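Report on the structure given below.
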Number of protein chains: 2
Amino acid sequence: MTSLDAPTPTADLGVAAVVAELRSLDPGGSRMAKVFRSTFDQLYDGQRTGRYSLAQLFKTEKTHFGTLLEINLQRELKFADGGVLDFKIAGLEVDCKYSHTGAWMLPLESFEQLILVTQADDQRSVWSAGVVRVTEENRRTSENRDKKTGLNAHGRSQITWLFKDAPMQPNALLQLPSATVAEIMSRRSGQARLNELFRQATNRRLSRNIVATVAQQDDYMKRVRDNGGSRSALRPEGYLILGGDYFIQRDIAAALGAVVPEPGEFVSVQVVPAPPTEGVGIDEEWWRLAEPDERIDLPAPVLPR
Amino acid sequence: MTSLDAPTPTADLGVAAVVAELRSLDPGGSRMAKVFRSTFDQLYDGQRTGRYSLAQLFKTEKTHFGTLLEINLQRELKFADGGVLDFKIAGLEVDCKYSHTGAWMLPLESFEQLILVTQADDQRSVWSAGVVRVTEENRRTSENRDKKTGLNAHGRSQITWLFKDAPMQPNALLQLPSATVAEIMSRRSGQARLNELFRQATNRRLSRNIVATVAQQDDYMKRVRDNGGSRSALRPEGYLILGGDYFIQRDIAAALGAVVPEPGEFVSVQVVPAPPTEGVGIDEEWWRLAEPDERIDLPAPVLPR
């Protein structure tokens with residue numbers, strides 16, 4: 001979208017004050033990133049339902065993503081209640097608007113007011129949040145039956161972005177080919193589905209929520225462990241399931257040149273023995289990542305914790 | 001509210017079909033009762049926040065009770081998505097409307113359509129759900145700016161109630177005097193707050209969620225138990241904390257003439273020794289409920305499981 005108007009940075013003290021307050025509440029964006037991630041996961045309800053994409057949701061769930069995001073943002077950042085609009089930030093009334101596509105619907109109450117515009121894409125693992133005032137020159141004149149309108153091109157150019165396409169924890173199931181996910185999910189037991197996940201979704205960050213969605217049972221974390229879980233089941237096939245909760249396993253992931261799991265995440269890789277000069281020491285032997293389709297003759301080593 | 005029109009039971013086949021389907025999905029209302037209870041509890045978020053009433057919620061949370069109820073009803077009863085409205089029930093489009101006060105807001109889209117009207121009162125532990133069609137004679141003509149209206153008195157009389165003021169699991173914290181709750185919540189540790197709950201909230205059903213709200217910690221159920229939890233702490237004061245998960249403890253509650261805990265609930269009572277003819281046998285002795293302010297000289301017995 002381009003605007004014919006020059007993007008004149010009109011000094012809006014309200015926008016500046018709200019932006020400053022939000023930046024001080026969440027300087028790196030990690031709190032908001034967590035809220036976007038957990039709102040998707042709350043709606044998917046994966047542990048009970050096995051769902052992992054918006055397309056699988058009920059209509060009521062789909063419609064109300066924005067509602068849940070508003071609640072979860074207010075809970076996380078403890079915004080004061082607004083008198084007229086949703087929140088009071090830096091003492092100013094602010095309405096929160098969400099749209100998957102950036103087509104925020106602006107009701108009459110928001111006219112001339114400040115709005116916090118939010119957007120997220122679980123496929124690309126990104127989210128955005130910005131602040132703009134719904135002035136007459138920033139909004140479209142066309143109104144639908146409910147008197148709602150949207151930002152015009154100029155208005156979009158006036159958004160002060162707090163974060164634009166900032167990263168959030170990825171949704172591995174959404175990023176895998178759908179045939180692969182179908183194969184994983186076709187297995188009868190939670191343990192079998194989880195083993196297949198760790199076989200198929202290699203060198204990717206797999207969150208606790210992904211594990212819960214695939215396992216669909218209460219004690220899902222036990223199903224990953226050594227004691228009869230995926231780690232022991234897949235060791236003979238050369239799979240190493242690195243856990244982000246252990247510094248030493250994150251170090252091993254980095255040393256192998258694999259994706260490094262964050263706390264609460266797993267990264268599954270296949271390893272083969274290597275000469276000491278090229279390998280990473282694990283369990284008193286030397287190992288490297290297997291090449292695609294490389295033959296596996298030896299079980300993977302036991303991971304230190 | 002009384003209607004000047006006689007409540008003519010106009011035969012609306014759509015209403016009848018939706019009512020029949022809902023009755024077959026949830027004959028006793030226990031599934032819907034659970035949805036109302038869990039929607040309140042989801043919004044209170046008591047384990048993390050200690051909140052137990054609507055008045056304590058953020059504005060966004062308060063506003064969206066109906067939204068969450070719609071989602072939770074569709075999840076529980078697995079309604080098909082509507083094409084235009086929220087749900088399809090018995091093949092018919094149905095919009096779901098919630099109001100704490102029975103003043104359901106009816107948008108233009110719902111005109112001439114079937115609506116599932118819902119209402120609940122956590123103070124009185126009751127909920128209601130009914131079906132009505134938004135015909136011209138059932139709705140008010142006055143319209144607000146958003147073109148929303150409501151049912152008129154005649155329209156309210158035309159609701160076919162599935163359940164009217166049906167019981168749901170009580171919220172003990174909301175029913176206790178607020179000074180008592182303040183005293184319970186003023187204690188520093190989760191264990192101390194929980195001990196105070198069992199001292200003050202006697203002969204009442206205390207749900208797992210109430211225990212979580214008061215304890216505000218992850219392993220809250222451990223804090224009830226014998227091993228250093230409230231049961232052992234309060235035994236010297238004569239308190240018996242009966243758990244609804246054990247048939248024998250529910251039987252003891254009934255035999256003592258106390259409120260009987262349902263599964264997942266507790267009922268705390270004070271007991272004193274009794275003559276065998278008047279008492280209930282517990283742990284090889286005979287016991288009865290203590291009178292208010294009766295002196296306690298002996299520790300309560302250990303409960304069988």
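The values are calculated or read from the model by the stated rules, or taken from the named source; none is laboratory data. Source: prediction; values computed, not measured. Cβ sites come from the backbone with ideal geometry, for glycine too, and all protein chains shown count toward neighbours. In case anyone asks, the SASA skips ligands and DNA or RNA and just uses the protein heavy atoms, side chains included. Shrake-Rupley method; radii C 1.70, N 1.55, O 1.52, S 1.80 Å.
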Margin query: Counting only other residues whose beta carbon sits under 13 Å from that of B:Thr180, what net charge do I get with K and R as +1, D and E as -1?
Written below: +2
Note to self: How large are Rg and Dmax for the stretch A:32-100 when calculated on the C-alpha trace, in angstrom?
What the structure shows: 13.5, 42
Checklist line | Charged-residue dipole, Cβ positions (Lys, Arg, Asp, Glu), the stretch A:66-135 about Cα centre, Debye nearest 20 | finding: 160
Margin query: Would you work out the Kirkwood radius for the stretch B:243-283? I mean one over the mean of 1/r across all pairs of different Cα atoms, in Å.
Written below: 10.6
Next item on the list: Starting from the eigenvalues of the Cα gyration tensor, five times each then square-rooted, give me the equivalent ellipsoid semi-axes of the stretch A:16-148, largest first, whole Å.
Entry: 25, 19, 13
Next item on the list: Quote the Stokes-Einstein diffusion coefficient, in whole µm² s⁻¹, for chain B, based on the Kirkwood radius over alpha carbon pairs, a temperature of 10 °C and a viscosity of 1.306 mPa s.
Entry: 73
Next item on the list: Compute the acute angle (0 to 90°) between the alpha-carbon long axis of helix B:190-200 and the principal axis of greatest extent of the alpha-carbon atoms of chain B; round to the nearest 10°.
Entry: 90
Next item on the list: Quantify how strongly other chains surround peptide B:66-72 by giving the mean number of their Cβ atoms within 10 Å of each of its Cβ atoms.
Entry: 5
Note to self: Exposed loop sites here are GluC sites (Glu not before Pro) in DSSP loop states with at most 13 other C-beta atoms within 10 Å. What is the longest stretch of chain A lacking them?
What the structure shows: A:144-277
Checklist line | Within-11-Å neighbourhood charge of A:Ala120 [Cβ basis; K, R +1; D, E -1] | finding: -1
Next item on the list: One decimal, nm, shortest first: give the distances between the label point of A:Ser232 and those of the same position in the other copies, each label point 7 Å from Cα along Cα→Cβ.
Entry: 3.3
Notebook entry, point to check: Among B:Tyr98, B:Ser128, B:Leu108, whose Cα sits farthest toward the positive end of the charge dipole of the stretch B:91-134 (+1 at Cβ of Lys/Arg, -1 at Cβ of Asp/Glu, about the Cα centre)?
Noted result: B:Ser128
Checklist line | Qualifying trypsin sites (Lys or Arg not before Pro) in the stretch A:143-227, DSSP loop, other Cβ atoms within 10 Å at most 13 | finding: A:Arg145, A:Arg188, A:Arg225
Next item on the list: Report relative contact order for the stretch B:172-289 in percent, whole number only (criteria: Cα-Cα under 8 Å, sequence separation at least 6).
Entry: 22
Margin query: Residue by residue through B:40-50, how many Cβ atoms from other chains fall within 10 Å of the Cβ on average?
Written below: 1
Note to self: Given the DSSP H assignment, sum -39500 (n - 2.57) over each helix run of at least 4 residues in chain B and divide by its residue total; what's the result at 222 nm in deg cm²/dmol, nearest 500?
What the structure shows: -9000 deg cm²/dmol
Next item on the list: Could you rank B:Lys97, B:Lys34 by how accessible they are, 1.4 Å probe, largest area first?
Entry: B:Lys34, B:Lys97
Note to self: Please find, among residues of chain A, the one with the beta carbon closest to the rotation axis relating it to chain B, distance in whole Å.
What the structure shows: A:Thr67, 2
Next item on the list: Please turn the phi angles of the stretch A:82-97 into ³J(HN,Hα) values with the Karplus equation 6.51 cos²θ - 1.76 cosθ + 1.60 (θ = phi - 60°), one per residue in order, whole Hz, x for glycine and proline.
Entry: x, x, 10, 9, 5, 10, 10, 10, 6, x, 10, 5, 9, 9, 9, 10
Note to self: Net charge around B:Asp41, counting only other residues with Cβ within less than 13 Å of its Cβ (Lys, Arg = +1; Asp, Glu = -1)?
What the structure shows: +2
Margin query: For the pair B:Ser99/A:Ser24, report the inter-label distance in nm, with labels modelled 7 Å from Cα in the Cβ direction.
Written below: 4.3
Checklist line | Other-chain or far-sequence residues with amide H under 5 Å of B:Arg139's (modelled H) | finding: B:Asn152
Next item on the list: Pull up all non-local amide H partners of B:Asn203: gap of 5 or more, or a different chain, and H-to-H distance under 5 Å with H placed in the peptide plane.
Entry: B:Ser268, B:Val269
Checklist line | Carbon + sulfur, % of accessible area of the stretch A:51-148 - ligands and nucleic acids excluded, 1.4 Å | finding: 49
Item checked: Bridge type composition, the protein assembly as shown - antiparallel percent by DSSP, nearest 5 -> 85
Check: How high is the relative contact order of the stretch A:1-145, in percent, counting Cα pairs under 8 Å that sit 6 or more residues apart?
Finding: 18
Item checked: 3J(HN,Hα) from dihedral phi, the stretch B:172-185, Karplus parametrisation 6.51/-1.76/1.60, rounded to Hz, x for glycine, proline -> 4, 5, 6, 8, 6, x, 5, 5, 5, 4, 4, 5, 4, 6
Check: For helix B:13-25, what angle does its Cα long axis make with the longest principal axis of chain B, in degrees from 0 to 90 and rounded to 10?
Finding: 20
Next item on the list: Calculate, axis by axis, the spread of Cα positions in the stretch B:229-298 along the three principal axes, and write the results as whole Å, longest axis first.
Entry: 30, 27, 23
Check: If the label for B:Tyr246 sits 7 angstrom from Cα along the Cα-to-Cβ line, what are its distances to the same label in every other copy, in nm to one decimal, shortest first?
Finding: 3.9
Margin query: Need the full-extension length gain, A:Lys78 to A:Leu108, defined as separation in residues times 0.36 nm minus the C-alpha distance. One decimal, nm.
Written below: 8.2 nm
Item checked: P(r), alpha carbons of the stretch A:178-299 - 10 Å bins starting at zero, rounded % -> 14, 46, 32, 7, 0
Check: With contacts defined as alpha carbon pairs under 8 Å and 6 or more residues apart, what's the relative contact order of the stretch A:173-240 in percent?
Finding: 28
Note to self: What's the magnitude of the charge dipole for the protein assembly as shown around its Cα centre, counting Lys and Arg as +1 and Asp and Glu as -1 at the beta-carbon? Answer in Debye, nearest 20.
What the structure shows: 40
Item checked: Rg over Rh, two decimals, the protein assembly as shown (C-alpha only, Kirkwood Rh) -> 1.02
Notebook entry, point to check: Amide H of B:Leu162: which non-local residues (sequence gap of 5 or more, or other chain) have their own amide H closer than 5 Å, using H built in the peptide plane?
Noted result: B:Ala129, B:Gly130, B:Val131
Notebook entry, point to check: Hey, what angle do you get for helix B:30-44 against the long axis of chain B, alpha-carbon based, 0 to 90 degrees rounded to 10?
Noted result: 80
Checklist line | Cβ-vector label at 7 Å, A:Thr63, separations to other copies in nm | finding: 1.7
Checklist line | Whichever lysines have a C-alpha closer than 26 Å to that of A:Lys78, once near sequence neighbours (fewer than 8 apart) are set aside | finding: A:Lys34, A:Lys62, A:Lys88, A:Lys97, A:Lys164, B:Lys59, B:Lys62
